[in-house]
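**Q** Here it is: the structure, laid out below.
The values are calculated or read from the model by the stated rules, or taken from the named source; none is laboratory data. Remember, it's a predicted structure, so these values are computed and weren't measured experimentally. Cβ atoms come from the backbone with ideal geometry, glycine included; neighbour counts cover every protein chain shown.
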Amino acid sequence: MLSGYKILVAEDNSLNQKIVTYLLSKSGAEVVLVPDGEEAIKEIQANTFDLVLMDIQMPGIDGIQTTRYIRKELKNDTPIIALSASSYEDEYKACMEAGMNGCILKPIDVEKLSMMIANLNEEEKTKSGKAYT
């Protein structure tokens, strides 16, 4: 489902890291894992990704602050999907306002994630005539 995708996962919880890495790798994605927002910023500055999965609640720089930095300071438009343990509307709104492209609840449903990526690709094709990958 995600074959050929290089995905950056910013997640601080070790159990969630293992689960997300397993699910994404099993679906064919190459996964780069970082434990916090600061490391996510460094990876995005150094490498190209097809997608970023960003935990909202991380120590130090949280996912929303990290996304704002990526969008405003780095001027990077790589799709960012929030990883959230809650479905609060305020949190979703804050994610979208920060520049995220979507939000998926933990534990990750790989089929839903794949559908979300497909939708992002279709939106990008419509806007620019090209896909993310």
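**Q** What number of residues within the stretch 26-80 satisfy the criterion of being touching a helix residue (DSSP H, G or I) at 6+ places or on another chain (Cβ under 9 Å), among the acidic types (Asp, Glu) and under 24 Å from residue 1 (Cβ atoms)?
**A** Residues meeting the conditions: 4.
**Q** Can you tell me which residue within the stretch 66-93, out of those that are exposed (fewer than 15 other Cβ atoms within 10 Å of the Cβ) and assigned to a helix (DSSP H, G or I), is modelled with the lowest pLDDT?
**A** 89
**Q** Just the residues that are touching a residue at least 60 places away in the same chain (Cβ under 8 Å) and closer than 19 Å to residue 102 by Cα, please, taken from the stretch 24-52.
**A** 24, 50, 51
**Q** Need the failing condition index for residue 8 against (1) in a loop (DSSP other than H, G, I, E, B); (2) touching a helix residue (DSSP H, G or I) at 6+ places or on another chain (Cβ under 8 Å); (3) within 20 Å of residue 103 (Cβ to Cβ), just the number.
**A** That leaves (1) as the condition not met.
**Q** Among what's in the stretch 77-87 and is touching a residue at least 12 places away in the same chain (Cβ under 8 Å) and under 13 Å from the mean Cα position of the chain (by Cα), pick the residue that is nearest to residue 121 (Cα to Cα).
**A** The extreme case among them is 79.
**Q** Show the residue pairs that are 6+ apart or on different chains and have beta-carbon atoms under 6 Å apart, the first residue being within the stretch 109-121 and closer than 12 Å to residue 1 by Cα, the second being in a helix (DSSP H, G or I).
**A** Cβ pairs passing all conditions: 110/23.
**Q** Output the residues belonging to the stretch 1-18 that are within 25 Å of residue 62 (Cα to Cα), surrounded by 15 or more Cβ atoms within 10 Å (Cβ to Cβ) and of a type outside the set (Gly, Ala, Ser).
**A** 5, 6, 7, 8, 9, 11, 12, 13, 16, 17
**Q** So for the stretch 55-62 (the condition being without any contact (Cβ under 8 Å) to a residue 12 or more places away in the chain and either among the hydrophobic types (A, V, I, L, M, F, W, C) or in a helix (DSSP H, G or I) (or both)), does at least one residue qualify?
**A** no
**Q** Ok, one more. Residue 31 versus (1) in contact with a Leu (Cβ under 8 Å, 6 or more places away or on another chain); (2) assigned to a helix (DSSP H, G or I); (3) not polar (S, T, N, Q): which is the lone unmet condition?
**A** (2)
**Q** In addition: Residue under question is residue 96, and the condition is that it be out of contact with any strand residue (DSSP E or B) (no Cβ under 7 Å at 6 or more places or on another chain) and surrounded by fewer than 20 Cβ atoms within 10 Å (Cβ to Cβ); does it hold?
**A** So residue 96 fits the description; yes.
**Q** Related question: Please determine, by comparing only the residues of the stretch 113-128 that are surrounded by 12 or more Cβ atoms within 10 Å (Cβ to Cβ) and charged (D, E, K, R), which one is modelled with the highest pLDDT.
**A** Looking at the filtered set, the residue picked out is 123.
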